[in-house]
Amino acid sequence: MLNRKNKLLILKFLSLFSVVRGYNIVIIVLAQYLASIFILAHDLPVRRVVFDLNLLFIVIATSLAIAGGYIINNFYDAEKDLINKPRKSQLDRLVSQHTKLSTYFLLNFLSAFMASYVSFRAVVFCSAYIFGIWLYSHKLKKLPFLGNFVSATLAIAPFFAVFVYYKNFDTVIFVHATFLFLLILAREMIKDLENIAGDLAQNYKTIPILYGVKYSKIGIGLLIALSWLPSLLLIGYFDVGYMYLYFMVCMFLQLGFLILLRKSNSKKHYVWLHNILKMIIVVGVFSILLIDVDLVLNRIF
């Protein structure tokens, strides 16, 4: 049986894991490796990509920076989260603000240190990325649309780091990135609808607060409609293997999303819409395997 001290220690670990969104970081790491193997460095042997130490340190460095970013974002949003996410906020508060800040600085230092193994440019990138996350958390997230745009840009930045490392400038990569960016941007705008109560209390200038829920929904709908363009391009003009099935299913899911968006009028509905987009993004990570099914089957069997 665990004593009280050990139980508290476990709860604090779970709290810190919740603050750094450990589950999201696992997905990002997996996405970086799958994108490297099947898209960015598809012409290289799988073993060479998987055991590339430079890639490993890039992935570790960006993951540590992202974890630090979640901490600083949680630090600035502590009061807002008490309103928008009371249960999660209770768990997050098991770790003191002092501990969170200490962990934040440690993670950022380790991120830059890991990047230094790769190159000075990698250190500059990680440093700029860390600063960008802090600036977003401290100032930019309170601004209408700019905050959403910066957040979506920061979300795909880890893939940009791998993209630059492999120096692969194929058009298909930009089309993939555009599709992902539009979905993430739409998700960020949905989060603004979820968090109206807390944003109002903290004087955030989000789109639904300044211009109303109707115009926010119109903007989200336009982003989803725009994401159909890269989907159609990837289905009809690029060789993405069986991943074209994913994009076809996505278009139907997005159509259903638009119908639900039009009818939504409560936080519960917005959470559902957020989860639909999150599911599409996460399933998309695993769907990268469909680009070269033969490669996957050969590795398994």
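Taking other C-beta atoms within 10 angstrom as a stand-in for reagent exposure, 264, 227 fall in the order 264, 227, fewest first. Here the residues 48, 21, ranked from fewest to most Cβ neighbours within 10 Å of their Cβ, fall in the order 48, 21.
Of the listed peptides 208-214, 190-196, 174-180, what is their order by residue-averaged count of other C-beta atoms within 10 Å, with the highest listed first?
In decreasing order of mean packing, 208-214, 190-196, 174-180 become 190-196, 174-180, 208-214.
Modelled label positions at residue 268 and residue 56, each set 7 Å beyond Cα in the direction of Cβ, lie 4.9 nm from each other. The relative contact order of the chain comes to 19 percent, based on Cα pairs under 8 Å that sit 6 or more residues apart.
Tally Lys/Arg at +1 and Asp/Glu at -1 over every other residue whose Cβ is under 13 Å from the Cβ of residue 39; what's the total? Summing Lys/Arg as +1 and Asp/Glu as -1 gives -4. Shape of the chain from its Cα gyration tensor (a ≥ b ≥ c, root eigenvalues): rounded if a/c is under 1.5, otherwise prolate when a/b > b/c, or oblate? Verdict is oblate for the chain. From least to most packed, judged by other beta carbons within 10 angstrom and beginning with the fewest, 199, 43 follow the order 43, 199. Rounded to the nearest 20, the size of the Cβ-charge dipole of the stretch 170-301 about its Cα centre is 700 debye, with Lys and Arg at +1 and Asp and Glu at -1.
For the listed residue pairs 100/268; 85/278; 139/217; 85/268, the alpha carbons are over 22 angstrom apart in 100/268; 139/217. Considering only 22, 50, 164, and ranking their Cα positions along the charge dipole of the stretch 9-168 that arises from unit charges at the beta-carbon of Lys, Arg, Asp and Glu, the one farthest toward the positive end is 22. Each label point was placed 7 Å from the Cα along the Cα-to-Cβ direction; for residue 228 and residue 29 their separation is 3.9 nm.
Look at the alpha carbon pairs under 8 Å that are at least 6 residues apart: their mean separation over the length of the stretch 9-168 gives a relative contact order of 31 percent.
For the stretch 71-111, trypsin sites (Lys or Arg not before Pro) are listed when DSSP marks them as loop and at most 16 other Cβ atoms sit within 10 Å of their Cβ; the list is 93. Taking the Cα centre of the stretch 146-259 as the origin and placing charges on Cβ (Lys, Arg +1; Asp, Glu -1), which of 233, 250, 212 is farthest toward the positive end of the dipole? Comparing the listed Cα positions along the dipole, 212 ranks first. Expressed as a rounded percentage, what relative contact order does the stretch 170-301 have, with Cα pairs under 8 Å and six or more residues apart? Averaging sequence separation for qualifying contacts and normalising by length gives 31 percent for the stretch 170-301.
Simple spin-label estimate for residue 279 and residue 98 gives 4.4 nm between the two label positions (7 Å along the Cα-to-Cβ direction from each Cα).
Computed from the coordinates by the stated procedures, all read-outs in this text should not be read as laboratory data. All of these numbers come straight from a predicted model, not from anything done at the bench. Every residue, glycine as well, gets a Cβ built from its backbone with ideal geometry; the counts of neighbours run over all protein chains shown.
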